[in-house]
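What follows is a single structure, written as structure tokens, with notes after it.
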Amino acid sequence: MQTVQPIRDRLQIQAMKEELRRDSERNYFLFVMGINTGLRISDLLPLRVKDVRDKTHIVLKETKTRKSKRFLINVELRKTIAHYIEGKDEEDFLFPSYKTDLPLQRVQAYKILSKAAQNVGITEFGTHSLRKTFGFWHYTINKNVALLQDIFNHTSPDITLRYIGINQDIVDQSLEHFSL
């Protein structure tokens with residue numbers, strides 16, 4: 001299994017947004033939802049308009065853990081959601097397949113996101129990079145590993161730091177100019 005990384009550069013995040021938006025509003029919105037909520041792709045794809053319209057939180061049962069979870073929708077994301085769902089019905093999927101009446105499949109989401117990442121020069125990227133990007137920036141801004149550990153339902157701070165690539169960054173920095 002390929003190890004994927006968070007996007008650590010805000011300019012690359014912006015480049016991804018622009019690349020995806022050129023392709024479709026749905027693809028752009030998938031990326032923005034993923035990096036702003038930290039939800040797994042398996043929890044994002046089945047969401048419907050009714051799950052986010054006029055809401056401050058997304059409430060769901062996580063696919064992987066089967067635990068109930070309540071995720072805050074930040075103010076900026078609420079604006080993006082309101083614009084995106086304008087004119088859509090309550091039962092519409094947020095990320096519909098263009099070929100079926102079903103939500104986008106995980107494999108198709110992977111193809112869309114990795115193609116955009118490749119086009120903007122991002123390597124080691126997959127659907128999980130959205131969640132890791134959320135975690136990396138949440139930790140970078142708040143410096144609260146315990147809080148992020150709780151958000152991600154991890155069993156230890158070390159797992160959380162390793163998951164978002166912070167441990168590797170620290171190791172890399174310590175070795176950058178180390179020479180005997």
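The values are calculated or read from the model by the stated rules, or taken from the named source; none is laboratory data. Bear in mind the structure is a predicted one, so any value in this text is a computation, not a measurement. All Cβ positions, even for glycine, are placed from backbone atoms using ideal geometry, and neighbour counts span all protein chains on display. The accessibility values were calculated without ligands, DNA or RNA, using every heavy atom of the protein model including side chains. Shrake-Rupley method; radii C 1.70, N 1.55, O 1.52, S 1.80 Å.
Farthest towards the positive end of the charge dipole of the chain, among the residues THR140, SER24, LEU94, is the Cα of LEU94, using unit charges on the Cβ of Lys, Arg, Asp and Glu. Within the straight-line cut-off of under 30 Å between alpha carbons, the lysines reachable from LYS143 are LYS17, LYS55, LYS61, LYS64, LYS67, LYS69, LYS79, LYS132, sequence neighbours fewer than 8 places apart in one chain being disregarded.
Based on Cβ point charges of +1 for Lys and Arg and -1 for Asp and Glu, what charge dipole magnitude is obtained for the chain about its Cα centre, in debye rounded to the nearest 20? List each step's numbers first, then the result.
Details: 28 positive and 22 negative charges, 81 e Å.
Result for the chain is approximately 380 debye, rounded to the nearest 20.
With the alpha-carbon atoms as the only input, what is the per residue convex hull volume for the chain in Å³?
On the way: hull volume 25.0 nm³, N = 180.
Convex hull volume per residue, Cα atoms: 139 Å³.
Once the Cα gyration tensor of the range 103-180 is diagonalised, what are the square roots of 5 times its eigenvalues, in whole Å and ordered largest first, as equivalent ellipsoid semi-axes? Kindly include the intermediate steps, with their values, before the conclusion.
Details: eigenvalues 135, 78, 18 Å².
Semi-axes, largest first: 26, 20, 10 Å.
Which percent of the accessible heavy-atom area of the range 90-180 goes to carbon and sulfur, probe 1.4 angstrom?
Values: 3090 of 5560 Å².
The nonpolar share, carbon plus sulfur, comes to 56 percent.
With a/c under 1.5 counting as rounded, go ahead and sort the range 1-96 into rounded, prolate or oblate using the C-alpha gyration tensor (a ≥ b ≥ c being the square roots of the eigenvalues; past the cut-off, prolate if a/b is larger than b/c, else oblate). Because a/c hits 1.5 or more and a/b fails to exceed b/c, the range 1-96 counts as oblate. Each Lys or Arg adds one and each Asp or Glu subtracts one; over the other residues with Cβ under 15 Å from the Cβ of ILE159, this totals +2.
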